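Accompanying notes for the structure given below.
The values are calculated or read from the model by the stated rules, or taken from the named source; none is laboratory data. In this text the structure is predicted, and so the values were computed from the model without any measurement. Counting neighbours? That spans all protein chains shown, and the Cβs are built from the backbone with ideal geometry, glycine included. Accessible surface is based on the protein model in full, side chains and every heavy atom, while ligands, DNA and RNA are left aside. Shrake-Rupley method; radii C 1.70, N 1.55, O 1.52, S 1.80 Å.
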Amino acid sequence: MKVIEKAPAKINLGLDVICKRPDGYHDLSMVMTSIDLNDYVTIETREDDQFIFESNDHRIPTNENNDVLKAAKLIQDKYGIKGGASIYLEKKIPVCAGLGGGSTDAAAAIRAFDQLWNLKMTDDEMVAIAKQIGSDVPYCLFGGMAHVSGMGDVVSHLKKSPSFWVVLVKPNFGISTRTIFPEIDCESISHVDIISLINAIESNQYQEMLSYMGNSLEDISINRKPFIQKLKDRMTKSGADIALMSGSGPTVFGICQTEKKADRVVNSMRGFCKEVYKVRSL
């Protein structure tokens, strides 16, 4: 049997770091939306109990750091599955880009194994596995436009959302999220009014939505990589309605209400960076 699952990327329309928890992790409040840039996870049953992983991207780890393999082994152990699987990851989302690539791949793997092994997991059961892999994985299980809080495990989907075009620009370097969070000072970083952002989105107020968008991690990542600010400035000068860093970066995205405007931004940014994508919000 073979199962193929689509794994869409995400961007953060709003990301606020609220506080540092006693356990050293941070409480977050975010608005995320899926975009039409996708990886594909293909899984086939095997007679033995091994997991064989392959990908078109040689940068993807094949050891315990691989989130797809983490998902496979967690499910295998929890449900006492005897068989293994051959896994192929077709990678189109940039790596270490702040677009949730590893998280959405893991989420797609959870959905795929649920089908492959006919487990009929409940949403709560899938989320329980997702939480063990990474903070963005619970959201990526279901995608869409959502408010994500806590350590990423509290996901509330928004009732309505405006439709728009997204231009993504990924510079030729990556940023590891794990290296950004130790630098956060919750007292001094900029904060984002997530509640007002949610209200604007659900009221379908596009301009108001733009005014409340923001990312608390931008200052830290831009201080480390000033080129991110140059990307933001060029995007807005090219006509994007707003330009913002996604996640911990380094990808910068511009939002445009019309495809014509998005095309102008794409043409401008292609002379500036190699990796430029025009996609829709989902």
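Here are the numbers for this structure:
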{"read-out": "The stretch 16-66 and the stretch 126-196: distance between their alpha carbon centers, rounded to Å", "value": "13 Å"}
{"read-out": "For the chain, built as a Gaussian network whose Cα springs stay under 10 Å, the top-fluctuating residue of M126, M32, M235", "value": "M126"}
{"read-out": "Solvent-accessible area, 1.4 Å probe, carbon plus sulfur percent, for the stretch 140-282", "value": "46 percent"}
{"read-out": "Accessible surface of K120 - all protein chains present, 1.4 Å probe, nearest 10 Å²", "value": "150 Å²"}
{"read-out": "Cα centre as origin, Lys/Arg/Asp/Glu Cβ charges: the stretch 165-280 dipole, Debye", "value": "820 debye"}
{"read-out": "Stretch in the chain that is longest and holds no GluC sites (Glu not before Pro) that DSSP places in a loop and that have at most 15 other beta carbons within 10 Å", "value": "65-186"}
{"read-out": "Neighbour net charge for D16 - beta-carbon separation under 11 angstrom, K R +1, D E -1", "value": "-2"}
{"read-out": "Residues in the stretch 131-145 that a label on K78 would reach, taking backbone N under 16 Å of a point 7 Å out along Cα→Cβ", "value": "131-142"}
{"read-out": "Rg ratio (alpha-carbon, reference 2.2 N^0.38 Å) - the chain", "value": "1.00"}
{"read-out": "Aspartates and glutamates whose Cα lies under 19 Å from that of K2, excluding same-chain neighbours fewer than 8 positions away", "value": "D39, E44, E47, D48, D49, E54, E90, D105, D114"}
{"read-out": "Listed residues I110, I184, I81, most fluctuating in the chain (Gaussian network, C-alpha, under 10 Å)", "value": "I81"}
{"read-out": "Selection from S156, M32, T236, by position along the positive dipole direction of the chain (Cβ)", "value": "T236"}
{"read-out": "Within a Gaussian network of the chain (alpha carbon springs, distance under 10 Å), most fluctuating of C186, C140, C256", "value": "C186"}
